Amino acid sequence: MRTLSIPTAEVFEPLLASSRYKGAHGGRGSGKSRFFASQLVEYALVDRGFLGLCVREVQKSLADSAKRLLENTLTDLRLGEADGFKAYREVISTPGDGQFTFKGMNDQTAESVKSFEGYRVAWCEEAHTLSAQSLTLLRPTIREAGSELWFSWNRSRKADPIDRLLTGEGRPTGAIVVQANWRDNPWFPLELEQERRDDLRDRPDQYGHIWEGEYAKVTDGAYYAQQLAEARLSGRIGTVPADPLMQHRAFWDIGTRDHTAIWVAQFVGREIRVLDYYEASGQPLGTHLSWLRARGYGKALCVLPHDGANVNHVTAERFEDHIRQAGFEVNTVANQGKGAAMKRVEAARRLFPAIWFNATTTEGGLDALGAYHERQDERRGIGLGPNHDWASHGADAFGLMCVAYEEPQKARTDRAEKRAYSAGSWLE
């Protein structure tokens, strides 16, 4: 009988214990994906007929899956058909008529996910991209006696469903979660070590996320990457007090079936003081207004995008009218026409040197600004405008604030040279 030795880094030893929920998060080069791949192989060897499910949120093709990694793991361990493993186009068969299967969760429905019943382990790669809906579908479906759910990811933001599940206060009883980074990998390759050093030198704003498993501050290619880095270096992201004499302004991105985002700011002299940020998904309008009142913004001027004039499909009244009836002053911006999203980006870039952020209350919004980026057509190598994802809601509301900003008028004795910045503004 052949004895198989599977080398395991010390950081992953807690994950060898039995638990329904296991997670490993961290930066590049930690070996977390290879650890889980070798664990799947070990389980398949011990438990004949083992069914292992490998999922991602989006899997356009098997090239996006863990299949290649598992095939390489089998090769490294010198396991093949004689041992009961065989790679087919879509699955990998395992000893005793078991198999590894590869699926994308965003393609699943409450009906199709029933096909996962009977699987002993589900391993979710790049789990930071998993939606709350995907987790809701997956967790009760993997329910065989002794079944386990594994997650590997590099943390993106605290609000990600997987972070809330496994690193928040209410994480499942008995869950085992470890953090692993490049220094925890005894087999960290020299080639990656040079890349790590280059990133430390050339991309210090992203190094912590890429290599140390920190929450992402800036996405590669983000519209505001440079501006956010400069704001941090100059101390404009820190503690920002409110001016008790100035009006609060709440800038909205309205979501009827997705996210609603609100930035609260004051225009004080030539400064834009960003005091607070709010985001919620699937909540009624009253929830958003209650948040404003609870935070002391009950007299805020609510500035809405053009869809504030749209009719609520439930009440048949306009959103702006609902907000007025709740006691708020409201202004709705007219449609800016073609290229509106990039007009907001340019306005924000121009005004960024004058913007100050209260760090503790705007963290979620800063995450959104750091992740807001161009959608790419990889085949043609061209940009397609801002990507519409979780970050776009906060970024759109921020851009609206910058479009709305009225630079204070300069007092000049020569009226002919006076620039009336507020003339013709949609805020009038």
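The values are calculated or read from the model by the stated rules, or taken from the named source; none is laboratory data. Quantities reported herein were computed from a predicted structural model and do not represent experimental measurements. Here Cβ is always computed from backbone atoms with ideal geometry, including for glycine, and neighbour counts include all displayed protein chains.
When the stretch 314-346 is filtered for residues that are in a helix (DSSP H, G or I) and either among the basic types (Lys, Arg) or touching a Leu at 6+ places or on another chain (Cβ under 9 Å) (or both), the ones remaining, listed by number, are Phe319, Glu320, His322, Ile323, Arg324, Lys343, Arg344.
Can you work out which of the residues in the stretch 53-83 that are assigned to a loop (DSSP other than H, G, I, E, B) and crowded, with 17+ Cβ neighbours inside 10 Å is nearest to the chain's Cα centre (by Cα)? Once the filter is applied, the top-ranked residue is Glu57. The single condition from (1) closer than 19 Å to Ala354 by Cβ; (2) surrounded by 14 or more Cβ atoms within 10 Å (Cβ to Cβ); (3) modelled with pLDDT of 90 or more that Gly235 fails is (2). Restricting the stretch 84-114 to residues that are assigned to a strand (DSSP E or B) and among the hydrophobic types (A, V, I, L, M, F, W, C), the residue that is surrounded by the fewest Cβ atoms within 10 Å (Cβ to Cβ) is Ala87. The listed residues are Val46, Val11, Val41, and the only one of them that is closer than 13 Å to Leu77 by Cβ and β-branched (Val, Ile, Thr) turns out to be Val41.
On the given criteria, is Gln283 more than 24 Å from Gln336 (Cα to Cα), assigned to a helix (DSSP H, G or I) and of a type outside the set (Asp, Glu)? The answer is no for Gln283. Every listed requirement among (1) crowded, with 19+ Cβ neighbours inside 10 Å; (2) within 28 Å of the chain's Cα centre (by Cα); (3) without any contact (Cβ under 8 Å) to a residue 60 or more places away in the chain is met by Lys22 save one, (3).
Number of residues in the stretch 171-202 that are of a type in the set (Lys, Arg) and either closer than 15 Å to Arg34 by Cα or crowded, with 16+ Cβ neighbours inside 10 Å (or both): the value is 1. Would you please name the residue that is modelled with the lowest pLDDT, looking only at residues in the stretch 317-347 that are of a type in the set (D, E, K, R) and crowded, with 18+ Cβ neighbours inside 10 Å? Ranking the candidates gives Arg318 first. When the stretch 150-174 is filtered for residues that are closer than 17 Å to His128 by Cα, small (Gly, Ala, Ser) and assigned to a loop (DSSP other than H, G, I, E, B), the ones remaining, listed by number, are Ser156, Ala159, Gly168. Pairs, please: C-beta under 6 Å, at least 6 apart or cross-chain, first residue touching a residue at least 12 places away in the same chain (Cβ under 8 Å) and in the stretch 95-114, second of a type in the set (Lys, Arg)? Cβ pairs passing all conditions: Pro95/Arg48; Gly96/Arg48; Phe102/Lys67; Gly104/Arg56.
Scan the stretch 220-258 for residues that are under 17 Å from Asp389 (Cβ atoms), acidic (Asp, Glu) and in the same structural domain as Arg293 (by TED's automatic domain parsing) and the total you get is 2. Picking from residues in the stretch 115-149 that are more than 18 Å from Tyr43 (Cα to Cα) and in a loop (DSSP other than H, G, I, E, B), the one that is farthest from the chain's Cα centre (by Cα) is Glu126.
Taking the criterion of being surrounded by fewer than 20 Cβ atoms within 10 Å (Cβ to Cβ), closer than 19 Å to Glu363 by Cβ, in the same structural domain as His393 (by TED's automatic domain parsing) and among the charged types (D, E, K, R), would at least one residue in the stretch 275-284 satisfy it? No - not one qualifying residue is present in the stretch 275-284.
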